[in-house]
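The values are calculated or read from the model by the stated rules, or taken from the named source; none is laboratory data. All of these numbers come straight from a predicted model, not from anything done at the bench. Please note: Cβ atoms are built from the backbone with ideal geometry, for glycine as well, and neighbour counts cover all protein chains shown. The area values use the complete protein model at the heavy-atom level, side chains included, leaving out ligands, DNA and RNA. Shrake-Rupley method; radii C 1.70, N 1.55, O 1.52, S 1.80 Å.
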Amino acid sequence: GGGKQKGHDVSHEVKVAVEWWVKFLCRDEGAPPVANAQKKIFGDILYKELEFRCMYHWYPDNSERGSGYRSVSTDDKIDPSLMRAITEAQIHVRCLPMQVLMFVNPGEVKVRPTYSPRSEILYSCPKHAAQHL
């Protein structure tokens, strides 16, 4: 076992983020359907990608710091981690929810349409939420 460099445990936030992307694959009318096997490959690849990106840019005491590294978007260009995941899973690019900006922050995962000022909080840990009161 072991062999892993010491990074932060980002698994919970990353899992929440990946589940959202998997859930919203192919919600678009006319997008080709996605098989469960493809969703699994997509989710596995995206998980590894995001875990790697978050692990070394993770500041629980300052959750906004480094958030650019941990944001995932399909706005003007599609996030490379998403591209890798759909390519590996052979999922059509039109299956991705477009114009979305997601932040995977310590203790909080939030997503918003890029044309909206309002974020939807997908996950917030109680300790983190208390800081905003």
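Points worth noting:
- q = 0.21, 0.30 Å⁻¹: log10 I(q)/I(0) that the Debye formula gives for segment 60-121, counting C-alpha atoms only: -0.87, -1.24
- Projected-area mean, segment 1-91, by convex hull of Cα positions, square nanometres: 7.2
- Each peptide in 111-118, 20-27 was scored by the mean count of other Cβ atoms within 10 Å over its residues; highest first, the order is 20-27, 111-118.
- I121, I86, I78, reordered so the largest accessible area comes first (probe 1.4 Å): I121, I78, I86
- Overall, the accessible surface of segment 32-133 at a probe of 1.4 angstrom is composed of carbon and sulfur to the extent of 55 percent.
- Crossing angle, helix 80-89 versus the chain [Cα axis fit, 0-90 degrees, rounded to tens]: 40
- Per residue, the solvent-accessible area of the chain (1.4 Å probe, heavy atoms of protein chains only, all protein chains present) comes to 61 Å².
- In this calculation the C-beta distance from F52 to E29 is compared with R0 = 30 Å, giving a FRET efficiency of 0.35.
- Extension gain for Y69 to M83 (0.36 nm times residue separation, less C-alpha to C-alpha distance): 3.4 nm.
- Relative to the longest principal axis of the Cα atoms of the chain, the long axis of helix 36-55 makes an angle of roughly 30 degrees.
- Count Lys and Arg as plus one, Asp and Glu as minus one, and take only other residues whose Cβ is under 12 Å from that of R70; the net charge is then -3.
- Net charge over other residues, Cβ less than 13 angstrom from the Cβ of E120 (K, R count +1; D, E count -1): +3
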